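Inspection log for the structure reproduced underneath, given as structure tokens.
The values are calculated or read from the model by the stated rules, or taken from the named source; none is laboratory data. In this text, all values refer to a predicted model and were calculated from it rather than measured experimentally. We place every Cβ from the backbone using ideal geometry, glycine too, and count neighbours over all the protein chains shown. Just so you know, the surface numbers come from the protein's heavy atoms only, side chains and all, with ligands and any DNA or RNA stripped out. Shrake-Rupley method; radii C 1.70, N 1.55, O 1.52, S 1.80 Å.
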Amino acid sequence: MPPHHRRIYPVLRFLPVFILLGMAIFRVPTLAASEDHVYVTKTVDKSLAAVGDVLVYTIVLGNPKEVPLTEVVVQDSFDARLDHVQVVSASAGQAVVEGSTLTISSLVLQPGETVMVTVAAQISSRAAPGDVISNVARFQSPEASVHMSNSVDVVVLPGALPATGEAPWWRLPILLLIVVTWVLLAAVGMDVRRRRRDLFKK
């Protein structure tokens, strides 16, 4: 294979990643639209990450009712492509990780009270570029039934070379292409919305 082909091939190889990135970045949040997310919401500090990166998840529990929520239990099963899942902090209750499952228990939420739990996990070598790691937490209480959190997604990017720890030469072009893709998608979206507004005015 000619040298210039060897340089272009890795970039073309990860074109599907760009599509997944666009889907992940331009998803419209719907937290306010669901009653579930009043009880439990979830965020992650990175939406794009590489193998070896550490993700920090934050789970916020709340009680919108006028009565205490007793026997609150939250379970969160993390993706099998994540290693070293561990509790960083918990403002109340007992948070324990067994295997890859987080359980929050021994918790009573008073009306209007919120509790925050932070968990860290590392993306393992089992994850491949283009993978989307999704995660949802489950909230349960006798006074509030069962509620699911919003889904948080992390897109796995091409990472460092395992043998040397150095970033491959083609990572920068890929990241530049990602930025260009975002800009183009945003421009197309704005143009479509403008055309729709003009159509309705007619």
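Counting the residues of the stretch 92-120 that are part of a loop (DSSP other than H, G, I, E, B) and under 14 Å from Gln75 (Cβ atoms) gives 3. Once the stretch 60-91 is narrowed to residues that are within 20 Å of the chain's Cα centre (by Cα) and outside any strand (DSSP E or B), the residue that is nearest to Ser145 (Cα to Cα) is Phe78. Which pairs turn up if I take residues in the stretch 142-159 that are more than 15 Å from Val132 (Cβ to Cβ) and look for partners that are acidic (Asp, Glu) and part of a loop (DSSP other than H, G, I, E, B) with beta carbon separation below 9 Å, at least 6 apart in sequence or on another chain? Listed pairs, sorted by first residue: His147/Glu35; Gly159/Asp53.
Here Pro64 meets the list (1) surrounded by fewer than 18 Cβ atoms within 10 Å (Cβ to Cβ); (2) at pLDDT below 55; (3) touching a helix residue (DSSP H, G or I) at 6+ places or on another chain (Cβ under 9 Å) almost entirely, failing just condition (2).
Can you name the residue in the stretch 121-143 that is part of a strand (DSSP E or B) and open to solvent by less than 10 Å² (accessible area, probe 1.4 Å) and, of all such residues, is nearest to Asp53 (Cα to Cα)? Taking the candidates together, the pick is Ile123.
Please work out if Thr118 is in contact with a Ser or Thr (Cβ under 7 Å, 6 or more places away or on another chain) and exposed (fewer than 14 other Cβ atoms within 10 Å of the Cβ).
Taking the combined requirement at face value, the residue does not satisfy it.
Does Asp53 satisfy being of a type in the set (Asp, Glu), farther than 14 Å from Val155 by Cα and in contact with a Lys or Arg (Cβ under 9 Å, 6 or more places away or on another chain)? Criteria not met by Asp53.
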